Amino acid sequence: MVTLESYACGEWRRGRGNSRVLRHAVTGEPIAEISSEGLDFGAMLRWGRERGGPALRKMTFPERAAVLKKMAGVLNEHIEELREMATSYGATAKDARLDVDGGIGTLAFYASLGAKQLPEARILADGDVSPLSKEGNFVGRHVYVPLEGVAVQINAYNFPSWGMLEKLAPALLAGMPSLVKPATPSAWLTFRMVQILIASGVVPEGVLQLVSGSVSDLFSHLTCQDVVSFTGSASTGEKIRTHPAIVRNAVRVNIEADSLNCILLGPDVAPGSPTFEHFKNEVVSEMTVKAGQKCTAIRRVLIPEERAQDVIRELRQSLAAIRVGDPRTEGVIMGPLVDEDALASARQGIEKLEAEAAIVSGDPGRKDFEPKGGFFMEPVLLHCRDPKRATAIHEVEVFGPVATLVSYRGPEEAIELARKGGGSLVGSIYSEDEDFVARATLGLAPYHGRLMVMNAKSAPESTGHGVVMPHLVHGGPGRAGGGEELGGVRSLHHYMQRVALQGDPERLERLLST
Ligand code: NAP
């Protein structure tokens, strides 16, 4: 069994006291133990601020980009090992590529952005010069400078690789050191990646620290120069947002929380049509990729009432073909959930949905999977006939291979139901009817961070409803946390202070290149 140590103040440290045992998602066997007890979080933050921050702030944006490129290169050398390790939390080969390759690809994206789009400077200009005087000798200009604290990054269990790298890359490029805290159930992969990065020597001292285990009193040491970037459930997000030290010091917080993402099938789309086939494949893929453990997964499938029986029949047929089991076995399409708690929580969630919706495909209690010790569940599809009166189907996120069909009567009702999710990361609209699409897009957009406006032309080339691209915003309003990650240069601003400089225009211009 591996001991997952933390990397603190330039040393690997083993936690004291009782450790928690992590189990292999496929076999249930113990694989690692983890504890952060005894870590001095105040010292870790100081180390980042005093060693990592100054080292990064000395570099220009392209120099920081070069560090990211080297990091991507080092991780790529270990890609096979990392993909294989992803099996430990239930990933199939396809799931592992999303997490491991997707994370390294995000590092490479920011490396390229820093090299090609950012100046040979340490300050980022924002917008034009504002003339403020008659003679033109006194002007104003906004700039961004890196914050001088530590970017504390708390991640969810479903993306131990991508989740770390999609936060680390913009923070490092902006000039802030990171303190990474992976979720406990899948911390093994993150631990191994940090081990590889530290051993390679490509990361400057103090720029990357790792907490294996819980964060204990870390928040009480935060100042106004630190940042917390959190991904996880809405309830944990709320605890972090309202932590007294975070409130008192107005610590910048970005929350990426859960969401009841929807896909909307237009009334014009008939079963058997190419658009319908694309819609159906998207639903099945979103329910089964990573066993539905994706924050962007489709949870609510909005369909015209008159098409309900056709949609149920078609989806049942496709879901029946999904083989669940050991992801290393040929022909297996979906692996297990991450652990026993995740499985129990998914089953409890389905029970809540059943108060308002009936199961039309799958059995959440099925246990005859191989190997016996794994945390398996087959895809479960429900159907809600009275969604306007329902609440649970719009509020309970079942983090597993589970979705609910929601019948709507007319476009306005479809929009109203979509918005009942209270703010989501992503939504999809499938229709060839331009009027319907225009109404639905305007109706859904204020409640979403990203919208897929799909037809038969775009669908074959689509990257997929649930796949987050580094070029585009990831985040969403309300329930989704109100945060914004990724999306190019703007994602660096989260780690920087916007300052209005005022003075002599030539002097301000010179300052931009210091
Ligand atoms: P979680 O239980 O909320 O945990 C998320 C992270 O917060 C973990 O690292 C966890 O550490 C830590 N944590 C728990 N309690 C904390 C506290 N009081 N203070 C500080 N940190 C704390 O979520 P999860 O079960 O790992 O992940 C599943 C959830 O994440 C789902 O709801 C999913 O929708 C959401 N998610 C959202 C996104 C997004 O981008 N919006 C992406 C992926 C997942 P421990 O594991 O050590 O407890």
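What the table below lists for this structure:
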item: Evaluation of Ser214 against (1) in contact with a helix residue (DSSP H, G or I) (Cβ under 7 Å, 6 or more places away or on another chain); (2) assigned to a loop (DSSP other than H, G, I, E, B) (one fails), failing number; result: (1)
item: Listing of strands (runs of 3 or more DSSP E) fully contained in the range 351-455 that carry 3 or more residues being closer than 21 Å to Gly466 by Cβ and in contact (Cβ under 8 Å) with a residue 12 or more places away in the chain; result: 380-384, 402-408, 424-430, 448-454
item: Which listed residue is away from the ligand (no atom under 16 Å from the Cβ) and within 19 Å of Val67 (Cα to Cα), from Leu179, Leu168, Leu132, Leu173; result: Leu173
item: The one condition in (1) more than 20 Å from the chain's Cα centre (by Cα); (2) within 12 Å of the ligand (Cβ to nearest atom); (3) part of a helix (DSSP H, G or I); (4) not charged (D, E, K, R) that Ile196 fails to fulfil; result: (2)
item: Any hit, the range 463-482, residues being farther than 30 Å from Glu395 by Cα and within 24 Å of the chain's Cα centre (by Cα); result: no
item: Condition met for Lys167 (closer than 20 Å to Phe61 by Cβ, touching a strand residue (DSSP E or B) at 6+ places or on another chain (Cβ under 7 Å) and modelled with pLDDT of 95 or more); result: yes
item: Unique residue being assigned to a strand (DSSP E or B) and modelled with pLDDT of 95 or more when the list is Leu264, Leu260, Leu337; result: Leu264
item: Single match in Val289, Val301, Val311 (criterion: open to solvent by 10 Å² or more (accessible area, probe 1.4 Å), touching a residue at least 12 places away in the same chain (Cβ under 8 Å) and β-branched (Val, Ile, Thr)); result: Val289
item: Index of the failed condition, Val145 passing every other in (1) open to solvent by 40 Å² or more (accessible area, probe 1.4 Å); (2) farther than 16 Å from Leu492 by Cβ; (3) not in a helix (DSSP H, G or I); result: (2)
item: Pro267 touching a residue at least 60 places away in the same chain (Cβ under 8 Å) and either within 16 Å of the ligand (Cβ to nearest atom) or not hydroxyl-bearing (Ser, Thr, Tyr) (or both); result: yes
item: Matching residues in the range 413-457 - criterion: being under 21 Å from Ala392 (Cα atoms), out of contact with any Asp or Glu (no Cβ under 9 Å at 6 or more places or on another chain) and open to solvent by 30 Å² or more (accessible area, probe 1.4 Å); result: Glu416, Arg419, Tyr447
item: Selection within the range 1-24 - over 16 Å from Ser216 (Cβ atoms), at pLDDT below 95 and out of contact with any strand residue (DSSP E or B) (no Cβ under 6 Å at 6 or more places or on another chain); result: none
item: Residues of the range 333-353 satisfying the condition of being more than 19 Å from Asn158 (Cα to Cα) and surrounded by 17 or more Cβ atoms within 10 Å (Cβ to Cβ); result: Ile350, Leu353
item: Of all residues making up the range 460-485, the number that are within 17 Å of Ile429 (Cβ to Cβ), within 12 Å of the ligand (Cβ to nearest atom) and in contact with a Gly (Cβ under 6 Å, 6 or more places away or on another chain); result: 1
item: Subset of the range 362-377 (residues that are out of contact with any Ser or Thr (no Cβ under 8 Å at 6 or more places or on another chain) and open to solvent by less than 30 Å² (accessible area, probe 1.4 Å)); result: Pro364, Phe369, Phe375, Phe376, Met377
item: Residue in the range 208-262 that is nearest to Leu381 (Cα to Cα), counting only those that are open to solvent by 10 Å² or more (accessible area, probe 1.4 Å) and among the charged types (D, E, K, R); result: Asp258
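The values are calculated or read from the model by the stated rules, or taken from the named source; none is laboratory data. Keep in mind the model is a prediction, meaning the values are calculated, not measured. Please note: Cβ atoms are built from the backbone with ideal geometry, for glycine as well, and neighbour counts cover all protein chains shown. Each accessible area value is taken on the protein alone, full model and side chains, heavy atoms only, with ligands, DNA and RNA left out. Shrake-Rupley method; radii C 1.70, N 1.55, O 1.52, S 1.80 Å.
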